[in-house]
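Engineer: Below is one structure. I have some questions about it.
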Amino acid sequence: MGKLRTWLNGYIEVLVSGNGPERFLSLLHLKEIHIWDMEPVQEGYRFRMESRRFRDLDAIRKKTGSTVEIQNKFGLPFWLFRYRKRYGLVVGAIMAGVLVYVCSLFIWDINVEGTYFYTDEQIQRRIEEAYVSLGQRKSQIDCNQLEEQLRQDFPEISWVSCEIIGTQLNVDIKETLEGTELVTVDTPVQDIAAAKDGIIVEMITRSGTPVVQVGQTVTKGSVLISGVVNIYDDYDEILETDYVAADGDVIAETTYQYEDTFELQYYEKEYTNRSQKAITIEVGAWVQEWHMPWKTFTNFDVVEENHKLRLGQTYYLPISFTVNERREYNPVLVTYTEEEANKRAAERLQRYIDNLSEKEVEIMENNVTIECGNGVCKATGSIVVWERIGYGRELLIPTEPQAPIAE
Amino acid sequence: MQVTSDVTEGVIILRVHGSKEAWLENFQSLQEYTAESIRVTGKSSGVWILGRNMRIEYYGAVEMKIIGEIQRIEYV
């Protein structure tokens, strides 16, 4: 930033010669004139300084009897002065400045982070289709409203934050699991119901009436914590019934059936080192692709690299280019050995378990067995886990029959 | 509370990083400057830096930075 400011203000290269240029330098120090890139030359010293302090050298020059000579001028003021008669260049520079400013008033990129259950593209597509299109003015975007709409569209989102930085709309998301949503004063009356079959192992009720207890087997859809709260009198008769938003944590032991099969023979890609590239340029809605006539590849992969042009970190421009590369390969039939097949099946199972663990599911038992034979490798069995199974289900309050109006 | 000598006596503060960079504060004047020798005086003492291909990268009101191959430093 310091360098940019110096360039904007303009700076000069000065040669000091004559009697005692060292004294000249000492006086510069005394007058607090900042100089840099100082080097000794035959005649004296050469250094750089801000052009606005040049007049201050006059008194020092007279005092020391030195000679001061400007050898070079740098920076914006001198550049503008040098090209003052080249109207086209000046107009072009001004137009470029205006264009950069105008572009900075719009959104040119949407960045979504923090997704797990949903994909970034899914949320990005929804935002672009329904709320914020690329090229929309930043001033028209209401981040609070967008956050609210996203929460409504994607029920798994528990927290969302939208922020505009430069020309980029950043959407940061945290997702929740069933039964972990927060209950606030605005939450309508609800029961906590079971999302799947299981045996209750832990239960904490924060509001509402617990209907089940630890050790009890529940089925999908059954009520775990009721939003109906009855108040009884001394004779165990219902005195009053309140309806609340039931809230609590219900953890149950559930079972996942795991089945994964793959063939022992598979095709491996043997790349031929033959490839061809195409370049696509996008400017706003205008798209143009350039490539030589496509070579005839029987089997090929397409690798696409998209680059969005930007100034700095967050100033995205409505220009992007994409490099498409087609890489030819020959499919070669390969067979897994028993050891390789077992390893692959174990890796796939581990990935499945890791995915479960990321959902705050605690793995209690793993009863999966791997068998390979007859050209197929098969992993089957069950995985017993502890997980939250409660979710909020709207509670319909029964309407009481109205008493007939006495005439 | 102990006040350091750069405040009470105005001695030169010299900071050297390896043998390629040196910073000087509290100096008063530059006595000599060549690619092989830089001599600086302060209020009560001076510093003489000897080396090769030395250059003053910046020279401001508060400090100066010397770069190059520093071989010897003497207090004068």
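Read-outs: derived from the displayed coordinates by stated rules, not from any lab. Bear in mind that the values here come from a model prediction, so they are computed numbers and not experimental data. Positions of Cβ are generated from backbone atoms using ideal geometry, with glycine treated the same way; all protein chains shown enter the neighbour counts.
Engineer: Taking every residue in A:27-40, how many Cβ atoms of other protein chains lie within 10 Å of its Cβ, on average?
Structural biologist: Numbers: counts 1, 4, 10, 3, 1, 3, 3, 5, 5, 7, 5, 9, 7, 10.
Per-residue shielding by partner chains comes out at 5.
Engineer: Evaluate peptide B:64-73: per residue, the Cβ atoms of other protein chains within 10 Å of its Cβ; return the mean as an integer.
Structural biologist: So the per-residue partner count for this stretch is 1.
Engineer: While we're looking at this one, here's another question. Within 10 Å, count the other beta carbons around each residue, average over each peptide in A:199-208, A:290-299, and list them highest first. Spell out each step's value before the answer.
Structural biologist: Details: A:199-208: 16.5, A:290-299: 9.9.
Ranked by mean Cβ neighbours within 10 Å, highest first: A:199-208, A:290-299.
Engineer: Oh, and also: Taking the alpha-carbon centroid of each part, what is the distance from the range B:43-76 to the range A:302-350 in angstrom?
Structural biologist: A separation of 55 Å, based on Cα centres.
Engineer: Continuing with this model, one more query. Under a no-solvent Debye model with one identical scatterer per Cα of the range A:269-326, what's log10 I(q)/I(0) at q = 0.16, 0.25 Å⁻¹?
Structural biologist: Here the Debye-derived log intensity ratios amount to -0.60, -1.00.
Engineer: Show me the ranking of peptides A:254-260, A:86-92, A:43-49, A:188-194 by mean Cβ neighbours inside 10 Å, starting with the highest.
Structural biologist: Details: A:254-260: 15.4, A:86-92: 10.6, A:43-49: 19.6, A:188-194: 21.9.
Order by mean packing, descending: A:188-194, A:43-49, A:254-260, A:86-92.
Engineer: I've got another one for you. Can you list residues from other chains, or at least 5 along the same chain, whose modelled amide H is less than 5 Å from the amide H of residue A:272?
Structural biologist: Hits under the 5 Å cutoff: A:328, A:329, A:330.
Engineer: Based on the alpha carbon coordinates of the range A:109-175, what radius of gyration and maximum Cα-Cα distance (Dmax) apply, in Å?
Structural biologist: For the range A:109-175, the Cα-based Rg and Dmax read 10.8, 31 Å.
Engineer: Rounded to the nearest 500, what is chain B's calculated 222 nm mean residue ellipticity when only DSSP H runs of at least 4 contribute -39500 (n - 2.57) each, over all residues?
Structural biologist: -500 deg cm²/dmol
Engineer: For the range A:1-35 and the range A:206-241, write down the distance between their C-alpha centroids in whole Å.
Structural biologist: Their Cα centres are 83 Å away from one another.
Engineer: Hey, can you grab everything whose amide H is under 5 Å from the amide H of residue A:368? Only 5+ residues off in sequence or another chain; H modelled, so Pro and N-termini drop out.
Structural biologist: A:382
Engineer: What's the Kirkwood radius of the range B:5-75 in Å, using all Cα pairs?
Structural biologist: So the Kirkwood estimate lands at 11.9 Å.
Engineer: Per residue of B:56-63, what is the mean number of Cβ atoms on other protein chains within 10 angstrom of that residue's Cβ?
Structural biologist: Details: counts 9, 4, 7, 12, 7, 7, 3, 0.
So the per-residue partner count for this stretch is 6.
Engineer: In whole Å, what three semi-axes, largest first, describe the equivalent ellipsoid of the range A:190-254 built from its Cα gyration tensor (square root of 5 times each eigenvalue)? Show your work: numbers first, answer last.
Structural biologist: On the way: eigenvalues 118, 28, 18 Å².
In descending order the semi-axes read 24, 12, 10 Å.
Engineer: Would you mind checking which residues have amide H under 5 Å from residue A:10's amide H? H placed 1.01 Å from N; only 5 or more apart, or other chain.
Structural biologist: Excluding prolines and chain starts, which carry no amide H, the hits are A:76.
Engineer: Want the number for residue A:125 to residue A:257: 0.36 nm per residue separation, take away the alpha-carbon distance, what's left? Could you put the intermediate results ahead of the total?
Structural biologist: Values: separation 132, 0.36 × 132 = 47.52 nm, distance 3.34 nm.
The residue A:125-residue A:257 span can extend by a further 44.2 nm.
Engineer: Based on DSSP H runs of at least 4 residues, each adding -39500 (n - 2.57), what is the mean residue ellipticity at 222 nm of chain A after dividing by all its residues, to the nearest 500 deg cm²/dmol?
Structural biologist: Values: 8 runs with 89 residues, N = 407.
Helix-only estimate at 222 nm: -6500 deg cm²/dmol.
Engineer: Using a Debye calculation, one point per C-alpha and no hydration shell, please list log10 I(q)/I(0) for chain A at q = 0.09, 0.12, 0.13, 0.14 Å⁻¹ in order.
Structural biologist: Each listed q corresponds, in turn, to -0.93, -1.16, -1.23, -1.28.
Engineer: Moving on to the next point. Could you work out the percent of alpha carbon pairs in the range A:85-239 separated by over 19 Å, rounded to a whole number?
Structural biologist: Details: 8164 of 11935 pairs.
The proportion of pairs with Cα distances above 19 Å equals 68 percent.
Engineer: Please work through chain A and write down the cysteines that have no neighbouring cysteine Cβ at a distance under 4.7 Å.
Structural biologist: A:103
Engineer: Sticking with this structure for a sec: Under 26 Å between alpha carbons, and skipping anything fewer than 8 positions from residue A:62 in its own chain: which lysines qualify?
Structural biologist: Straight-line reach from residue A:62, under 26 Å: A:31, A:73, B:43.
Engineer: Quick one: helix A:338-358 against the long Cα principal axis of chain A, what's the angle to the nearest 10°, folded into 0 to 90?
Structural biologist: Compared with the principal axis, the helix lies near 90 degrees.
Engineer: Grab the beta carbon distance between residue A:111 and residue A:322, set R0 = 22 Å, and tell me the FRET efficiency rounded to 0.05.
Structural biologist: Once the sixth-power term is evaluated, E becomes 0.80.
Engineer: Report, in degrees rounded to the nearest 10, the 0 to 90 angle that the Cα long axis of helix A:21-30 makes with the longest principal axis of chain A.
Structural biologist: 40
Engineer: Could you work out how far helix A:87-103 tilts from the main Cα principal axis of chain A, as a 0 to 90 degree angle to the nearest 10?
Structural biologist: With both axes taken from Cα atoms, the answer is about 20 degrees.
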